[in-house]
Amino acid sequence: MTDPRHPPGRNGFAIDVGALMRGRLSVPNVNLVTRPTGRVVRQAIEGELARAGSRVPVSVIDLTGVRVLDFSCADEVVAKLLLRYLPPERPGDIFFLLRAVEEVHGHAVGEVLARRGLATVCDFGDGEFRLLGPATAEERAAWSVLERSERIGAGSSESLLGAGGEALLQRLCERRLAYRHRGGSASALSALARLPSPR
Amino acid sequence: MRVIEVPASLDYRNIDILHARAGAGETDPVLFDARRLRWIDPNGMLALLGAGRVAGRGGARPRISLPTSAKVAGYLDRMGFSRAVAGIFHSAPPRVRRRSVRASDVLLEITPITTNSDVHDVVDTVQSRAGAILSNTLRYPPAAVVQFSVILSEVCQNIVEHADGPGWVAAQSYNWTRRLGRHVAVIAVSDLGRGFRASLADEHSERFGDRWGDATALEAAFLLGLTRFPDIGRGQGIQQIRKQVARWNGLLSIRSGTARIADTPPWSQGPPLQEGLRHFPGAQINIILPENSGD
């Protein structure tokens, strides 16, 4: 179930996991528990992503309609989705943003990401995006600068991020925490989801 | 007929007595005499069911004499015990006139767990009941109902994913005025599956060599988060339950085979690891969450 607030044609579109469960998966109570349920939900999300094709690089996985998220499902849905789209042989060039309720989902997602060494950008609805999951202090600092700047132009990374800034930016892109444009500049995923098509 | 006297008080502290008295694989018909039962918690109820199931493996279905105390019999009724014994015991007709079933004061009745759908049902049920108990009685923050549901989900999944056998879950809150001076919530989960040692043996026994046994298997799962699955994402359930129970200053113990392992808070007594106990088929998980004292 795509979120109508993010119509096709923009860079970001949202998959409302709660609506997906109630609708296409016919789960009356939106509790993301047990691994088999998590697998079914992840496969449904992947189906939505495949239908969206390559027109949107940023997908918002919206968990705000989910009441309970256990660790098994956090691993099956969030961690395994990120894992699948991390390597070069990923099924699509898609980046992920997570939208969640911190006190309901934040801990479970953070723990499963830590277990697998993954990180993602998360919107907890408090007006700012956060990096969830393990990252070095340097990576976090570089990501924060990019998040505030929204976009770092080609050749500006060292001046904005300091010595080794370009390598840090590259590392964020490899971890799918930032988007690299063809010309060499980089965008924050949160900004990219709001902007017209990337160039 | 062999008569097994059920202790007058049966809870997480003495369920081993029941296992020891019940034995296993004996062919004599067995009667569980619970007439003098005055106090029982969810661990005791599940232990009775488990002991009955094991006693029935000898061939003849065991019998049970229900408590003569109207209060205890009524409580067992409300906890779904009478329904749960069907298929395990030839139960004696109730000696007391049953009160109408009032599910509202029960946190979670005895619920069989065999499939993932059962786990969903438990989570759905407990959410509608646990909020008031956790907030008003245990004085936990509002979000605790989510964490409580996650604990139940993970412990129940342990049965489905690892036990390879039937299991039950039950939970209730109590006022432990004399014992602790506080309210508590007790969660009991029990299965008669293959136990931790057998579940982990194929994947992990070799690396532990001669040390491999029930206690080592419990340590591997409890302390190291090992499971029979090679996937690094597995094994988080027990680890996360340990963390959450510790945040709430609770007690968590797992009994399997001949051993028991526990995270013991300061208010409780008991060693972190016990070995050489009477063999228990499957696993029994006990969680006690005390009222937030605001310390």
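In table form, for the structure just shown:
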quantity	calculated
Helices (runs of 4 or more DSSP H) wholly inside the stretch A:13-99 containing at least 3 residues that are open to solvent by 10 Å² or more (accessible area, probe 1.4 Å) and assigned by TED's automatic domain parsing to the domain that holds residue A:121	A:35-52, A:80-84
Boolean, residue B:127 is surrounded by fewer than 24 Cβ atoms within 10 Å (Cβ to Cβ) and free of Cβ contacts under 8 Å to residues at least 24 places away in the same chain	yes
Any hit, the stretch A:137-152, residues being under 15 Å from the mean Cα position of the chain (by Cα) and modelled with pLDDT of 90 or more	yes
Members of the stretch B:225-237 found to be out of contact with any Ser or Thr (no Cβ under 9 Å at 6 or more places or on another chain) and on the phi < 0 side of the Ramachandran plot, listed by number	B:226, B:229, B:230, B:231, B:232
Top-ranked residue of the stretch B:228-270 - restricted to ones that are among the hydroxyl-bearing types (Ser, Thr, Tyr) and part of a loop (DSSP other than H, G, I, E, B), ranked as least open to solvent (accessible area, probe 1.4 Å)	B:268
Pair list, Cβ < 6 Å and 6+ apart or interchain, from the stretch A:28-55 residues that are within 13 Å of chain B (Cβ to nearest Cβ) and more than 19 Å from residue B:161 (Cα to Cα) to residues that are open to solvent by 10 Å² or more (accessible area, probe 1.4 Å) and among the acidic types (Asp, Glu)	A:29/B:124
Residue in the stretch B:97-104 that is at pLDDT below 95 and open to solvent by less than 30 Å² (accessible area, probe 1.4 Å) present	no
Of all residues in the stretch A:117-148 being touching an Asp or Glu at 6+ places or on another chain (Cβ under 9 Å) and free of Cβ contacts under 8 Å to residues at least 40 places away in the same chain, the one that is nearest to residue A:165 (Cα to Cα)	A:130
Residue B:167 within 19 Å of residue B:43 (Cα to Cα), among the small types (Gly, Ala, Ser) and more than 9 Å from chain A (Cβ to nearest Cβ)	yes
Hits in the stretch B:271-284 (condition: of a type in the set (A, V, I, L, M) and open to solvent by 10 Å² or more (accessible area, probe 1.4 Å))	B:273, B:277
Enumeration of residues in the stretch A:112-160 that are more than 14 Å from chain B (Cβ to nearest Cβ), open to solvent by 60 Å² or more (accessible area, probe 1.4 Å) and assigned to a helix (DSSP H, G or I)	A:137, A:138, A:140, A:148, A:158, A:159, A:160
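The values are calculated or read from the model by the stated rules, or taken from the named source; none is laboratory data. Because the structure is a prediction, the values reported are computed rather than measured. Virtual Cβ from ideal backbone geometry, glycine too; neighbours counted across all protein chains shown. Note: areas computed on protein heavy atoms with side chains; ligands, DNA, RNA excluded. Shrake-Rupley method; radii C 1.70, N 1.55, O 1.52, S 1.80 Å.
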